[in-house]
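Input: a single structure, listed below in structure tokens.
Just so it is clear, none of the values below were taken in a lab; they were calculated from the coordinates. Predicted model only: the values in this text are computed from it and were never measured. Counting neighbours? That spans all protein chains shown, and the Cβs are built from the backbone with ideal geometry, glycine included.
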Amino acid sequence: MDGSAARRANRAKSALLVIALLAVPAIAQQPAATTAQPALPVYDAVSIHPHNASDNRVDLSFHPDSFTAINITLKELLSYAYQIREDLISGLPAWADSAHFDISARVSDPDHSVLDKLTRDQMKAVLRPVLSDRFQLQIHTEVRTLPVYDLVVTKDGPKLQKSPPPPDDPDHPTPPGKHRRTSWQFNNGEITVTSITMSDFAVTLADQLHHTVIDKTGLTDAYDFNLKWTPDEDADKAADNGAADRPPDIFTALQEQLGLKLEAAKGPVTTLVVDHAEQPSPN
């Protein structure tokens, strides 16, 4: 595939990783107040080089003790490290969306007793000092009022199947609101999920629509469902080929298949503003 197509594939891989991280149960993200917070591991062996323009490979792999990226921009790195859509990042110099890098970062002496306990936010945070140090990055966040979609229930009510609660242990009753771990199967224009909350589903829709989605369904359970739709780019091809039996667009599919609706609105959106960035020196 060409460079731009490969980078789209890379972003798709990143999106799946984002989904996997979002699937961490909420109870696991909130350590007890009396639990001492362990020091975060540090990527102390970091290598960054300009990517060879003749090499169209795109790759991204992440483990608690290492991070590797091939053919990635600073803009994509920020989107990944801060879990924010690229269109919500501003203030970047022009090269941040055009210069591509190969990056290898690892923890030289990993303590897996610590690494295995990292939360979602902590795993993201490990990469951020690398960006600050090697790209001389200075950033801040701003909450702006921007166009959003409100995710609401249609007037006929939701068409959703509640996910069964996790198996109960007689000695350790299931706390109220605890759900099974979320699992995903994701293909272009189809998603099958087990035990997803509407707040997490709103994040997934935002990734698909490149538009912030705010959960206003009022639904607090976790659900199992399958959703099929035709992405916009595929709809154009289907129209050219005269195909009329394709699934509907995502807006119609949500209403017909799940009893949910996206309504255009305006709301508060957190954006990432880059105050300063420099190209890193190769090493």
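With r defined as the distance between the Cβ atoms of Asp87 and Asp111 and R0 fixed at 35 Å, what FRET efficiency is calculated, to the nearest 0.05? Let's see the in-between values first.
Working: r = 38 Å, r/R0 = 1.07.
Between Asp87 and Asp111 the formula returns 0.40.
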Residue-span extension gain [Val152 to Asp59] - 0.36 nm each, minus C-alpha spacing: 29.8 nm
For Leu146, residues with placed amide H under 5 Å, excluding near neighbours: Gly267, Val269
Peptide ranges 146-155, 99-108, 46-55 listed from the most packed, as the mean C-beta count within 10 angstrom indicates: 99-108, 146-155, 46-55
Residue pairs, from the table Lys155/Lys261; Lys155/Lys216; Lys75/Lys124; Lys124/Lys162; Lys124/Lys261; Lys75/Lys228, whose Cα atoms sit over 20 Å apart: Lys124/Lys162; Lys124/Lys261; Lys75/Lys228
Sorted peptide list for 74-80, 88-94, 110-116, criterion being average Cβ within 10 angstrom, highest first: 74-80, 88-94, 110-116
Length-normalised contact order of the range 34-144 in % [C-alpha pairs under 8 Å, at least 6 apart]: 35 percent
